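To start, the structure under review is shown below, and the notes come after it.
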Number of protein chains: 2
Amino acid sequence: MRENRIRIGVVAPGSRIEPLLAERVGDVARALYGERAPELVFHPQCFLASGHFAGDDAARAEAFLDVANDADFDALWFARGGYGSGRIAARVLPELDDAAARKTYLGYSDTGALLAGMYTRGFSNLAHGPMPADLTREGGHEAIKRALSYLVDRAAATLEATISGTSPTIAFNITILSHLIGTPLQPDLAGHILMLEEVSEYMYRIDRSLLHITSNPGIRKVAGIKLGRCSAIPPNDPDFGQTEEEVMKHWCAASGIAYLGRADIGHDIGNKIVPFGHFRPQ
Amino acid sequence: MRENRIRIGVVAPGSRIEPLLAERVGDVARALYGERAPELVFHPQCFLASGHFAGDDAARAEAFLDVANDADFDALWFARGGYGSGRIAARVLPELDDAAARKTYLGYSDTGALLAGMYTRGFSNLAHGPMPADLTREGGHEAIKRALSYLVDRAAATLEATISGTSPTIAFNITILSHLIGTPLQPDLAGHILMLEEVSEYMYRIDRSLLHITSNPGIRKVAGIKLGRCSAIPPNDPDFGQTEEEVMKHWCAASGIAYLGRADIGHDIGNKIVPFGHFRPQ
């Protein structure tokens, strides 16, 4: 840490963000922290466009490695989800060095593919939590404030409230975890409390993904599952007839996994921080 | 076979169909075959409704077993896809008996979850091809005619044209196969030509599912992949920038799987028959 200010590098392995958003996030950080404000460095790659993505695979991979392998950055903050992390995972993971392993990483949604891959490689400072793009939500400064409080001060108040320190924890978007099952990116979650959340998926798809996840022998070794918020679920035709919690309980019972109740995470401004593994205070 | 007529039992492990559709499929069979027309028995379960499904899990599982384990049926024809096969797979597969193993099964889309599970258990008369619900498509009687020609006469003309008999084949909907990866339903596809098709999925989701499928070590043992039709792809925002064949070629190259060109299958009336394993003439 330089002069009591941390340096945070921001990259976008999935969808792009607007330069104005980067400026606004910097404004929030300065308003909150004044002279202690972290130095936020948005990699120019965040603003590239290549079809669906914030630049092509090569550009996104290079930007991720630029920040991850640079010892002058204390943290890598994912700018936004969307889709694209998984596309570059096989390319970037073997290139990560010691500086990358010491760094803090924060993101959720699509970025779960890279977080999972780093977790399988033993990285110990990975967390599921808000990203710069959350500032575009109504009241989004609360999410940014929480993320910065975690990145700057590792404040325990930012954590999902049920995190006790006894069991390791991990959190994923349901669809993203489903797409990691049976791949080299699927982490060993034995003994973990697994928290899951979803957004903008039909109930029949949530059900199908939870069937998939809970059918995997590795996943069945978790200590239990906690269900985060499933928001913006489109109307099912015909009505699905079961809520997301009924579905989650059903698949936990069918698979012999303990259902541990709700988790305070989701695609919203209330999204609390969930460390991958154990919480490590500064 | 009784009096030169085969008996086909129809069940709906996913979404329901209307009784009128069952009558129309029977009409088509009688028009095509006259006195040789197969006896089509639509299980009453096909017409049940329970939320998203054609009856609850117990009803759908029981109907499937009623037909599968009844030696008086020569074939089990899946009525329709939708979603629901995977939900009952763990319940029904252990209950299948010798009569079930001798039977012919035909379906595609969601029914791939049950077909895959039966293939892992060594069933040898499974095929990917049209279902009764295809009659609702424009020109749908062509699909019904093809399915019946396969079920009644095992006509080689119904097969996907590139099926040579040298390599075993198999076909799946992309999203359905993605949800089988890493579960006990994932079949051993070593040496198989794997044909894949999709409908009504965004390009970014097709890309994500193909990344998932081709990242699995078991899938990488296939002899190669052939891409069927990907239809009714909703507009991507922003434009994805790559076609489904470009994406398929990309993931084949990245995973070391041979890309073998297009397959004549899809969610349409042109959907040709793909036997699971080797084609067995009558």
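Quick notes on this one:
- Shortest first, A:D70 label-point distances to identical copies amount to 6.9 nm, with the label point at 7 Å from Cα along Cα→Cβ.
- Cut-off under 5 Å, modelled amide H: who pairs with B:T104 long-range: B:A75, B:L76
- In the range B:1-120, the alpha-carbon atoms span a convex hull of 90 Å³ per residue.
- FRET efficiency, 1/(1 + (r/R0)^6) with R0 56 Å, evaluated for B:A101 and A:A157 via beta carbons: 0.40
- Summed over both chains, the accessible area lost when B and A associate is about 2800 Å², using a 1.4 Å probe.
- For the rotation carrying A onto B, the chain A residue whose Cβ lies nearest the axis, with the distance in whole Å, reads A:G182, 1.
- With a threshold of 22 Å on the Cα-Cα distance, the over-threshold entries among B:K103/B:K272; A:K103/A:K145; B:K103/B:K145; A:K145/A:K272; A:K145/A:K226 are A:K145/A:K226.
- Those residues of the range B:79-113 for which accessible area with every protein chain present is at least 30 Å² below the isolated value (1.4 Å probe): B:Y83, B:R87
- Cα-based reach from A:K249 at 12 Å (exclusive), listing aspartates and glutamates while leaving out same-chain residues under 8 positions away: A:D207
- Reduced Cα scattering model of the protein assembly as shown, Debye log10 I(q)/I(0), q = 0.05, 0.07, 0.08, 0.11 Å⁻¹: -0.23, -0.43, -0.56, -0.96
- Relative to the dominant Cα principal axis of chain B, helix B:57-68 is inclined by about 70°.
- ³J(HN,Hα), Karplus 6.51/-1.76/1.60, whole Hz, each residue of the range A:168-175, x for Gly, Pro: x, 10, 6, 9, 8, 6, 4, 5
- Computed over chain A, the ratio Rg/Rh where both radii use C-alpha atoms and Rh is Kirkwood: 0.95
- Taken over the C-alpha atoms, the range A:150-282 has Rg and Dmax values of 14.7, 51 angstrom.
- The range A:115-163 and the range A:1-54 have Cα centres lying 14 Å from one another.
- For chain A, excluding the exposed loop sites themselves (GluC sites (Glu not before Pro), DSSP loop, at most 11 other Cβ atoms within 10 Å), the longest remaining stretch covers A:139-282.
- Accessible surface area normalised per residue over the protein assembly as shown is 37 Å², counting heavy atoms of protein chains with a 1.4 Å rolling probe.
- With all protein chains in place and a 1.4 Å probe, the accessible surface of chain B carries 50 percent carbon and sulfur.
- Expected-Rg normalisation [2.2 N^0.38 Å, Cα atoms] applied to the range A:34-97: 1.18
- Span from the the range B:213-236 Cα centroid across to the the range A:193-243 one, whole angstrom: 24
- Taking the label point 7 Å along Cα→Cβ, A:R121 and its counterparts in the other copies are spaced 4.3 nm apart, in ascending order.
- Beta bridge orientation in the protein assembly as shown: antiparallel %, DSSP, nearest 5: 15
- Shortest-first distances to equivalent copies, position B:L32, nm, label 7 Å out along Cβ: 6.4
- For the range B:1-106, share of DSSP beta bridges that run antiparallel, in % to the nearest 5: 15
- Chain-alone versus full-assembly comparison, the range A:179-199, residues with accessible loss of at least 40 Å² (1.4 Å probe): A:H179, A:G182
- Listing of the range B:22-67 residues, each with accessible area lower by at least 30 Å² in the full protein assembly than in the chain alone (probe 1.4 Å): B:G51, B:H52
- For chain A, the longest principal axis of the Cα atoms and the long axis of helix A:203-215 meet at an angle of about 90 degrees.
- The antiparallel fraction among DSSP beta bridges confined to the range B:168-282 stands at about 5%.
- Chain A: relative contact order in percent, alpha carbon pairs under 8 Å with at least 6 residues between: 18
- Between the Cα long axis of helix B:19-33 and the first principal axis of chain B there is an angle of about 80°, rounded to the nearest 10.
- With Cα atoms as the point set, the range B:67-150 shows a radius of gyration and Dmax of 12.8, 38 Å.
The values are calculated or read from the model by the stated rules, or taken from the named source; none is laboratory data. A quick note: this is a predicted structure, and the numbers were derived from the prediction, not measured. Note that each Cβ is placed from the backbone with ideal geometry, even for glycine, and that neighbours are counted across all protein chains shown. Calculation scope for accessible area: heavy atoms of the full protein, side chains included, ligands and nucleic acids excluded. Shrake-Rupley method; radii C 1.70, N 1.55, O 1.52, S 1.80 Å.
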